[in-house]
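The values are calculated or read from the model by the stated rules, or taken from the named source; none is laboratory data. Remember, predicted model here, so these are calculated numbers, not experimental data. Because the Cβ atoms are built from the backbone with ideal geometry, glycine has one as well, and the counts that use them run over all protein chains shown. With ligands, DNA and RNA removed, areas are computed over all heavy atoms of the protein, side chains included. Shrake-Rupley method; radii C 1.70, N 1.55, O 1.52, S 1.80 Å.
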Amino acid sequence: MAPIPGSGLAKGLAVTLRTMTRKTVTEQYPDAQPELPPRTRGVIGLFEENCTVCMLCARECPDWCIYIDSHKETVPPAAPGGRERSRNVLDRFAIDFSLCMYCGICIEVCPFDALFWSPEFEYAETDIRELTHERDKLREWMWTVPAPPALDPGAEEPKELAAARKTAEKLAATQQAEQAEQTQPGEGNA
């Protein structure tokens, strides 16, 4: 069956008329803050304690907007007779948000969970040089990172949590046994 001439035009005009008769919804930003989706990509926060200066984030960044400087430090042996170890110490970690395209590759490749998305989006500056956030500023953004979503109730417990729970249960059991021994009077003393 052939379409009626002008039916497409009529459908288009019907959509336009329906839209014109609806009330518009205008959010009065900045007076009313917008409801952001849980996975909003705003700014990147740095959890410095987890950073091992592996440089994966800087190497994988397509814009080369991550700047990392470090130095090596020698750590004394943990046990007598052991050997000294060397470790990287973070001197500078900066992200230039005027170059960043918010792709999230740096966050995905970080093997130690040192980078996180924060939903904060209000960090505009009048000077473009202020958009390079050093590690102190990146650490401040960590306070705005939301907690991870809850696990699926039917999912298996992560092996790390299971091991930690078993260790805690064993420790609690040994402490209770020690307390029970201390509270019972000695049977050989008469």
- Among residues belonging to segment 34-46 that are under 13 Å from the mean Cα position of the chain (by Cα) and open to solvent by less than 80 Å² (accessible area, probe 1.4 Å), point out the one that is farthest from N88 (Cα to Cα). T40
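Test E49 against the criterion of being under 17 Å from E134 (Cβ atoms) and either modelled with pLDDT under 90 or open to solvent by 70 Å² or more (accessible area, probe 1.4 Å) (or both), and give yes or no. Give the steps one after another, and end with the answer.
Details: under 17 Å from E134 (Cβ atoms): yes; either modelled with pLDDT under 90 or open to solvent by 70 Å² or more (accessible area, probe 1.4 Å) (or both): yes.
Yes; evaluated as a whole, the condition is true for this residue.
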- From the set of residues in segment 141-173 that are touching a residue at least 12 places away in the same chain (Cβ under 8 Å) and not in a helix (DSSP H, G or I), which is surrounded by the most Cβ atoms within 10 Å (Cβ to Cβ)? V145
- Query: Restricting the first residue to segment 117-134 and requiring it to be under 11 Å from L36 (Cβ atoms), which pairs with a second residue that is assigned to a helix (DSSP H, G or I) and open to solvent by 90 Å² or more (accessible area, probe 1.4 Å) meet a Cβ separation below 9 Å and a spacing of at least six or different chains?
  - Reply: S118/W143
- Task: Restrict the check to segment 20-35 and report whether at least one residue is of a type outside the set (A, V, I, L, M, F, W, C), more than 27 Å from A124 (Cα to Cα) and in a helix (DSSP H, G or I).
- Result: yes
- Task: Considering only segment 63-104, state which residues are open to solvent by 60 Å² or more (accessible area, probe 1.4 Å), in contact (Cβ under 8 Å) with a residue 12 or more places away in the chain and not basic (K, R).
- Result: W64, Y67, D69, H71, E73, T74, S86, D91, L99, M101, Y102
- Message: For the condition open to solvent by 70 Å² or more (accessible area, probe 1.4 Å), within 30 Å of P30 (Cβ to Cβ) and touching a Gly at 6+ places or on another chain (Cβ under 6 Å), what is the one hit in F121, F116?
- Response: F121
